[in-house]
Amino acid sequence: MRHTTPIKHGTRISRISRIAGIATLVVTAAFTGTGTALAHTPGASAADQKVDGVIVVAGNSCSWTNASTSAAAPAALTVDRTTINAPGGNLACGGGIAASLNNNPAFTFDDTAGTARTDLIDITGRQSFISCRYKATNIVWDRDGTSRKYINRAFTATKTSGSFLCPGSVSTPVGDASMLFR
């Protein structure tokens, strides 16, 4: 008789929670930048049209730097997923999680209200053999002071495909994601 190691139910749930959370990440395209953010005019050079990000998922961080945008904030812009996802980008997560952004999220800004909106974020999170894909729409972000750092409001992403082990939806609380446009 072959001996197999029993699966610990709590461990599997923990892993699934992390995968669901990672999906929320980029789902937010989410990110905390470092350094000082500068306000740019729509005529800024392509070298200045970047976004850095971080999101904390089940105690693990996912981050990237230098993703390209189609314009400089506060002009309406899209984020180029090929400059976030490997091999063109440097999106990395701790805890054995891998993530990839499936769309180029569009952002609009309202400087008077101090907010930004994302039309859609579509992300896939993977850990081991489990893959979960989630989408979130109409995400609202609040500007941090006069910088170009934006912090997420609470939102929920809905599962669009993946393992039956993936939760049907995942929620991201206020402040678990932020973006720094520079």
Full-extension gain between ASP142 and THR160, please, as 0.36 nm times their residue separation minus the C-alpha to C-alpha distance. 3.8 nm
What per residue convex hull volume, in Å³, do the alpha-carbon atoms of segment 99-182 yield? 95
Listed residues ALA116, ALA136, CYS166: farthest to the positive end of the dipole of segment 70-182 (Cβ charges): CYS166
Output for segment 87-136 (equivalent-ellipsoid semi-axes, sqrt of 5λ from the C-alpha gyration tensor, Å, descending) is 27, 12, 10
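Using a 10 Å cut-off on Cβ atoms, rank the peptides 80-89, 158-167 from the highest mean neighbour count down.
Details: 80-89: 17.1, 158-167: 15.0.
The packing order, highest mean first, is 80-89, 158-167.
A short reminder: the numbers here are calculations on the coordinates, not readings from a lab. Source: prediction; values computed, not measured. Glycine also receives a Cβ, built like all others from the backbone with ideal geometry; neighbour counts cover every protein chain displayed.
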